[in-house]
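I have placed the structure first, in the form of structure tokens, so that the comments after it can refer back to it.
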Amino acid sequence: MNYYNRMLDNTLKTRTIAVLISLCLFFVGCSQQAKIDRLINKLQKGDKSARVMAVEKLGKIGGTSAIEALINVGFKSYDKDIQMKAIEALVKMEVPAIGSLINALGAENKDIQQNAMTALVGIGAPAVKPLITTLKNRDMQKNPRLSTAVRVRAALVLWKINKYHGSFDPLVTALKDSNPDTRIEAIRALAEIGNPLATGPLIAAMKDNDYSVKYEAGETLDKIVNSRSTAPLIAGLKDGDSDVRFTIKALLEKIGTPAVDHLITALKDKNSYIRVGAASVLWSMKKDLRVVDT
């Protein structure tokens with residue numbers, strides 16, 4: 001009987017200890033959350049020194065609640081210095097902050113989007129694998145439009161971290177997204193990458209129904225064209241849109257001498273738009289003219 005009493009006592013003691021530990025953890029957690037809530041209040045309503053202190057303390061506390069506070073409150077601060085402090089705090093956290101920062105790429109607030117991208121670039125190599133996973137995820141949050149926008153931002157972050165070769169195709173694909181804002185964002189990302197292979201898709205984007213998209217495509221082409229852009233530009237001369245042809249001719253003139261041989265060859269093309277366009281560019285460049293009957 002004594003044996004069973006001792007077993008019962010031990011079982012009760014074990015359960016009591018477990019309950020006490022759980023209660024302690026609960027109250028510690030509540031205390032920690034209360035501390036975070038106070039810091040969030042200071043971050044929102046305090047003077048600058050209080051806001052700076054709040055960001056620094058949240059960075060030291062770490063954990064999901066502190067990370068979310070730095071992103072959702074710190075990144076939206078009207079004070080750019082506070083935004084930068086929040087970025088610095090999250091960069092120091094590295095791996096624990098990556099998931100929340102990637103989620104923040106889909107935020108509606110532009111400051112949160114941009115600051116999340118900056119923080120991920122700052123974290124660097126540890127963020128690469130999760131970003132590649134994001135880049136390949138077409139069903140993010142079961143919202144195709146948001147998914148494309150997030151993938152565009154992830155692609156640009158990856159390019160900034162390590163010139164990731166897989167960044168290019170998702171950006172080109174995003175040029176066909178139904179949201180013009182996403183198309184513009186993809187065009188601007190292509191401008192940063194600067195790959196002349198985007199010439200053809202950007203020429204197509206110049207025929208977009210949205211004026212802002214067309215404008216961004218033209219501006220980006222002006223930034224990225226080089227001798228490797230010559231062939232797709234000449235091919236684009238057959239476009240039925242006179243504004244597109246005018247822009248392409250200006251871009252070919254900008255390329256200059258490296259484009260001459262291709263343009264001379266184009267004088268014999270079957271398409272009259274290409275022949276006339278090539279002759280016009282050569283004339284403007286004042287190079288050797290072997291113009292055939294157009």
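What follows draws every value from the coordinates through simple rules; no lab data is involved. Everything quoted here is computed from the prediction, not taken from an experiment. Because the Cβ atoms are built from the backbone with ideal geometry, glycine has one as well, and the counts that use them run over all protein chains shown.
Below is a table of values for the structure above.
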| quantity | calculated |
| --- | --- |
| Mean separation of Cα contacts under 8 Å (6+ apart) over length of the stretch 33-123, as relative contact order % | 24 |
| For the stretch 236-250 versus the stretch 80-104, the gap between their alpha-carbon centres in whole angstrom | 45 |
| Charge dipole (the stretch 169-274, unit charges on Cβ, about Cα centre) - positive-most of GLY240, LEU267, ALA186 | LEU267 |
| Sequence of VAL95, VAL73, VAL157 once ranked by neighbouring C-beta atoms within 10 Å, starting from the fewest | VAL95, VAL73, VAL157 |
| Per-residue ³J(HN,Hα) for the stretch 114-124, Karplus 6.51 cos²θ - 1.76 cosθ + 1.60, θ = phi - 60°, Hz, x for Gly and Pro | 5, 5, 5, 4, 4, 5, 5, 4, x, 5, x |
| Kirkwood Rh in Å, taken over all unlike Cα pairs in the stretch 33-123 | 12.4 |
| Which of LYS92, LYS76, LYS45, LYS286 has the fewest Cβ neighbours within 10 Å, and the rest in rising order | LYS286, LYS45, LYS92, LYS76 |
| Residues in the stretch 103-136 reached by a label modelled at VAL95 [backbone nitrogen below 12 Å; 7 Å Cα→Cβ] | 126-127 |
| Residue order, fewest to most surrounding Cβ atoms within 10 angstrom, among THR199, THR230 | THR230, THR199 |
| Charge dipole (the stretch 33-123, unit charges on Cβ, about Cα centre) - positive-most of LEU105, VAL95, SER65 | SER65 |
